[in-house]
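Every read-out reported here was derived from the displayed coordinates using simple, explicitly stated rules and does not represent laboratory data. The model shown is predicted, which means the values in this text are computed figures rather than measured ones. So basically every Cβ, Gly included, is an ideal-geometry build from the backbone, and we count neighbours across all protein chains shown.
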Amino acid sequence: MTDKKRTDRRMGDKRRDEQAQEESRRILERVDRESDLFMRMASRARDHLTASEAQSEDWTELWGRRIGRVLGVLFALALIIWLWSYLAGGAS
């Protein structure tokens, strides 16, 4: 093999390595952005369910909000499960 062919092969390998590194960087940045989004959404959901925005000093109002919101989520989940089971096989 001639020196020119070896040099060309090394340059091609180097270019592929650089492209792979750039793609890896893009993937890692995307994962970082998506994980930040997920963490913000989880934090907002936790704050909503625990009624952390409530300004009232009344403990019954605070716990009433918490219980109502948790029951709402449970009802929505039950409805989704029922609908899924109905569409998946209960309709036959």
For the charge dipole of the chain, defined by +1 on Lys and Arg C-beta atoms and -1 on Asp and Glu C-beta atoms about the Cα centroid, which residue among 64, 76, 54 has the Cα displaced farthest towards the positive pole?
76
Can you tell me what percent of all Cα-Cα pairs in the chain are more than 21 Å apart?
67 percent
Whole-Hz ³J(HN,Hα) for each residue in region 71-76, computed from phi via Karplus 6.51 cos²θ - 1.76 cosθ + 1.60 with θ = phi - 60°, x for glycine and proline: what do you get?
4, x, 5, 4, 5, 4
